[in-house]
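Below is one structure, written out as structure tokens; comments come after it.
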Amino acid sequence: MLWKDKYELGVPLIDTQHRELFQRVDAFLQTLRESSSWEEKVQRVNETLEFMNGYVVEHFHDEEIYQKKIGYPGYEAHRKIHAEMVRYVLQVTAEYKQKGFDQQLMQQFAGKLLAWLINHVAAEDQRIAAYAIERGAEADD
Amino acid sequence: MQLSGGRKQMTDNLYTPFLEATRNVFQLMLDLSDVAESPAEAFKCDDEVDVSIGVTGDLVGEVIYRFPRETSLNMVKIMSGMEIESVDDFVTSAISEIANIISGNVLTMLAGEDMKCDILPPVLKKSDDSREYAIRTACCISTSAGNVCLDIRLNHAK
């Protein structure tokens, strides 16, 4: 289980999506790392990858809307981080298909995705929550 | 090149931002709160994953992150929650991304002292001892997940 409660931002829509994203990445890793042969699991790996690609874009979009709504000052920098990750995901997916579903490439992708996602949600996204709380406190004053 | 006080202090002691960034990243990503400095001489390992992060800008060179095999496996186990038995492409890629994240955090600290640097994508490679560097220091740490050593090899841009 990848998800930890400390990742929660206190924003229901974003937290729900983060949980879903972690569950999807978890399922992707479990399938990718199971001991069966590549031929046996490649179809399931491809299906999970396809869904995840769509979900990542949708989640980033919703999170950016939220940042704009609260006037998050780090919006532009955060949007760039999202855009770079989407570019990387699309580039790897295209290369993966072009190479005929290369297992090595997918293992490398999964390793980076795991570390990137944990850092992004545990560090970058927490700054949004900190700002939202600060802004809420100011509004209460 | 004449450096301002803050910049000079920062480059004279690059050890500190690397140690601080490693500590922060390990705490946030791996829940490791027992990150302690350890003497570079004590770091001995024959079976390790070496990740090089190239540096460009006001400082030029590389930082080599030396992760012993056991440390690499433990770190990926903590992140994934899965039992991992061998250092394969999945493990080296995850470890490389951690090196990338630590280096990115150091760049942010350097930018605070008006030092503009950028990093190159991580590369798996053994250290090349043939080049000379004005800044050469090692930042070694010990944690309950194992030891890690950062070999910092940088020159000031001309």
Quiz item: in contact (Cβ under 8 Å) with a residue 24 or more places away in the chain and more than 11 Å from chain A (Cβ to nearest Cβ): does that describe B:S38?
Solution: yes
Exercise. Only residues that are crowded, with 18+ Cβ neighbours inside 10 Å and more than 22 Å from B:P121 (Cβ to Cβ): list them for region A:67-108, please.
Key: A:Q67, A:Y72
Self-check item: Near pairs, Cβ below 6 angstrom, 6+ apart or cross-chain, from region B:65-93 (facing chain A (nearest Cβ under 9 Å)) to any residue that is assigned to a helix (DSSP H, G or I) and of a type in the set (S, T, Y)
Solution: B:V91/B:S72
Quiz prompt | Selection count where residues are free of Cβ contacts under 8 Å to residues at least 40 places away in the same chain and within 11 Å of chain A (Cβ to nearest Cβ), scope region B:94-111 | solution = 4
Practice problem: Please find, among B:D114, B:D151, B:D129, the residue that is assigned to a loop (DSSP other than H, G, I, E, B), of a type in the set (D, E, K, R), more than 13 Å from every other protein chain (Cβ to nearest Cβ) and in contact with a Lys or Arg (Cβ under 9 Å, 6 or more places away or on another chain). | Solution: B:D114
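No value in this document is a laboratory result; all are computed from the given coordinates. These numbers were taken from a predicted model, which means no experiment stands behind them. Every residue, glycine as well, gets a Cβ built from its backbone with ideal geometry; the counts of neighbours run over all protein chains shown.
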